[in-house]
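Student: Just dropping this structure here.
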Amino acid sequence: MIQAVQGYAEGYYGRLPTWQERRVLLDTLARNAQNTYYYAPKEDARHRLNWREPYDSQWRREFTLFCEAAREQGVRVVAGVAPGLDFDFKDLLGGPDRQLLLDKCRQLLADGADCLSLLMDDIDEDFHQRSGGMSSEGMAHARLANELADELGQSLWVTPRIYANELAASAPDYLPDFLGTLYDSQSVLYCGRDIVTREADCLDIHQVAPRSAHSLVLWDNLYANDYCPQRLFVGAWRGRDKVTACLLNPTGLLHTDCLLLDMMASTQARGGDADAVWAEVMARHGVPEEFQAVADYLAHPVFNGEAFVPPAPPDAAAMAAIETCLWRWKTPLSREWYPFIFGLKLDLLIQQGKMSTLRIRKTQSAPLAMRLGAGESS
């Protein structure tokens, strides 16, 4: 059973860190007394799309060195495999897919992973095509996790296909069947009420499924932007007061993610005013004070079920602050934020009617330029 879990989920789309970057993230975790690195990158083809393919020797050497470095710093490495796209459940009790999955898991353990995770998230609702005669998808996914646990001699961390309450309506029997079948010793990763939620508590799973004895770990997408890669969220880490086990699934931008890990750890340690912690963390990472004038635009996503309340219109000071952040702030972090701050500048100029038709055409995609009325011939 999982006890305290605080750490980093490399579980996003669009970016794949280098091993050197992962070492920097390890340093950040250790410095913040955070204890888990969860390796489940969607962009690692052998993790997900081509999960049947074994890792090559170079990758295995790098992964082994990474696990050794993590162990030296007191950080556990949880390595994931995501076969859900096309695992054939007729092989569940014996067959090629089951054996290939076992081989992949054993290889990850042999190369240094402390724990394993089975991920069945973000897959099509096509279980009937690969069901192997099983009628319940939730039960099948849990049975696969149980089979792996039996063969490997250790419990797994499991991400179900229904990983937030908002997804449950499409398959109301999935989670009851899944949790009712999964060994109590297995642990479940869950996002809470929504995939990206303002008030996060993985115990929200009990609103759509019977209570269980499983350890629950919050998969926190507060800062994730892979679903809206033109945006960046770096606001206060709030609304997670009830969370004791949490993995932060952030942006894939190295220095940004180090800041966000610091934000999470500092907020948990202080247990007080999240806004005050936010200001301290920003200063600690060299973000200029001028950024506060436009911080609301880059704070948090729009959450389900909440009225859209845009930030107050920018004044001259706010526009001047953007100029400072773009042209007078020069750090590795500023270079990661540059495209988002510059994009914000353009958006505000468009909102204020201060951008010419020609510049809209130059800076915006053709469909958006047409929507903005800049696509017509003139």
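This table checks each residue for (1) over 26 Å from Gln20 (Cα atoms); (2) in contact with a Gly (Cβ under 7 Å, 6 or more places away or on another chain); (3) β-branched (Val, Ile, Thr).
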residue	(1), (2), (3)
Tyr190	yes, no, no
Val196	yes, no, yes
Ala213	yes, no, no
Asp257	no, no, no
Met264	no, no, no
Ala269	yes, no, no
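Student: Right, another one. If you go through the range 153-184, how many residues are closer than 20 Å to Gly80 by Cβ, aliphatic (A, V, I, L, M) and open to solvent by 30 Å² or more (accessible area, probe 1.4 Å)?
Tutor: Here the count works out to 1.
Student: Now a separate question. Quick one: Val281 ticks every box in (1) touching an Asp or Glu at 6+ places or on another chain (Cβ under 6 Å); (2) within 22 Å of Val196 (Cα to Cα); (3) of a type outside the set (Asp, Glu) except a single one, so which number is it?
Tutor: Unmet for Val281, out of (1) touching an Asp or Glu at 6+ places or on another chain (Cβ under 6 Å); (2) within 22 Å of Val196 (Cα to Cα); (3) of a type outside the set (Asp, Glu): (2).
Student: Out of the range 295-312, which residues are charged (D, E, K, R) and open to solvent by less than 80 Å² (accessible area, probe 1.4 Å)? Walk me through it before giving the result.
Tutor: Keep residues of the range 295-312 that are charged (D, E, K, R), which gives 296, 306.
Glu306 - this is the single residue of the range 295-312 that is charged (D, E, K, R) and open to solvent by less than 80 Å² (accessible area, probe 1.4 Å).
Student: Could you look through the range 305-335, keep only residues that are within 27 Å of the chain's Cα centre (by Cα) and at pLDDT below 95, and pick out the one that is farthest from Pro288 (Cα to Cα)?
Tutor: The residue in question is Gly305.
Student: Is it the case that some residue within the range 344-353 is over 26 Å from Met282 (Cβ atoms) and loosely packed, with under 15 Cβ neighbours inside 10 Å? Please lay out each step first, then the result.
Tutor: Just the residues of the range 344-353 that are over 26 Å from Met282 (Cβ atoms), to begin with: 350, 352-353.
Keeping just the survivors that are loosely packed, with under 15 Cβ neighbours inside 10 Å gives 352-353.
Yes - at least one qualifying residue is present in the range 344-353.
Student: Pairs needed: first member in the range 276-288, touching a residue at least 24 places away in the same chain (Cβ under 8 Å); second member anywhere, β-branched (Val, Ile, Thr) and not in a helix (DSSP H, G or I); C-beta distance under 7 Å; at least 6 residues apart or different chains.
Tutor: Going by the 7 Å Cβ cut-off, the qualifying pairs are Gly286/Thr331.
Student: Report yes if Lys345 is modelled with pLDDT under 95, basic (Lys, Arg) and more than 16 Å from Val234 (Cβ to Cβ), otherwise no.
Tutor: Working: modelled with pLDDT under 95: no; basic (Lys, Arg): yes; more than 16 Å from Val234 (Cβ to Cβ): yes.
Judged against the criteria, Lys345 is not a match.
Student: While we're here: Quick one: count up the residues across the range 201-223 that are over 14 Å from the mean Cα position of the chain (by Cα) and free of Cβ contacts under 8 Å to residues at least 60 places away in the same chain.
Tutor: Narrowing the range 201-223 to residues over 14 Å from the mean Cα position of the chain (by Cα): 201-216.
So of that shortlist, the ones also free of Cβ contacts under 8 Å to residues at least 60 places away in the same chain come out as 201-214, 216.
Total satisfying the criteria: 15.
Student: Next up: I'm trying to understand the selection: among the residues of the range 111-167, which are without any contact (Cβ under 8 Å) to a residue 60 or more places away in the chain, under 21 Å from Thr197 (Cα atoms) and outside any loop (DSSP other than H, G, I, E, B)?
Tutor: Listed by number, the residues that qualify are Val158, Asn165, Leu167.
Student: Under 6 Å by Cβ, and 6 or more places apart or on different chains, what pairs join a residue from the range 60-86 that is among the acidic types (Asp, Glu) and at pLDDT 95 or above with one that is assigned to a helix (DSSP H, G or I) and surrounded by fewer than 22 Cβ atoms within 10 Å (Cβ to Cβ)?
Tutor: Qualifying pairs under 6 Å: Glu62/Trp19.
Student: If we only count strands (runs of 3 or more DSSP E) wholly inside the range 185-294, which ones have 3 or more residues that are touching a helix residue (DSSP H, G or I) at 6+ places or on another chain (Cβ under 9 Å), open to solvent by 20 Å² or more (accessible area, probe 1.4 Å) and at pLDDT below 95? Before the answer, list the steps.
Tutor: Numbers: elements: 187-190, 215-220, 245-248.
By residue number, no strands (runs of 3 or more DSSP E) qualify.
Student: Right, Arg143: in contact with an Asp or Glu (Cβ under 9 Å, 6 or more places away or on another chain), among the basic types (Lys, Arg) and open to solvent by 20 Å² or more (accessible area, probe 1.4 Å) or not? Let's see the steps before the verdict.
Tutor: On the way: in contact with an Asp or Glu (Cβ under 9 Å, 6 or more places away or on another chain): no; among the basic types (Lys, Arg): yes; open to solvent by 20 Å² or more (accessible area, probe 1.4 Å): yes.
For Arg143, the condition - in contact with an Asp or Glu (Cβ under 9 Å, 6 or more places away or on another chain), among the basic types (Lys, Arg) and open to solvent by 20 Å² or more (accessible area, probe 1.4 Å) - is not met.
Student: Follow-up question, since we're still on this one. Restricting the first residue to the range 228-245 and requiring it to be at positive phi, which pairs with a second residue that is assigned to a loop (DSSP other than H, G, I, E, B) and open to solvent by 80 Å² or more (accessible area, probe 1.4 Å) meet a Cβ separation below 9 Å and a spacing of at least six or different chains?
Tutor: Once the first residue is at positive phi and sits in the range 228-245, its partners that are assigned to a loop (DSSP other than H, G, I, E, B) and open to solvent by 80 Å² or more (accessible area, probe 1.4 Å) give Gly239/Arg198; Gly239/Glu199.
The values are calculated or read from the model by the stated rules, or taken from the named source; none is laboratory data. Note that the coordinates shown come from a computational prediction; the quantities given were computed from them, not determined experimentally. Neighbour counts run over all protein chains shown; Cβ positions are idealised from the backbone, glycine included. The accessibility values were calculated without ligands, DNA or RNA, using every heavy atom of the protein model including side chains. Shrake-Rupley method; radii C 1.70, N 1.55, O 1.52, S 1.80 Å.
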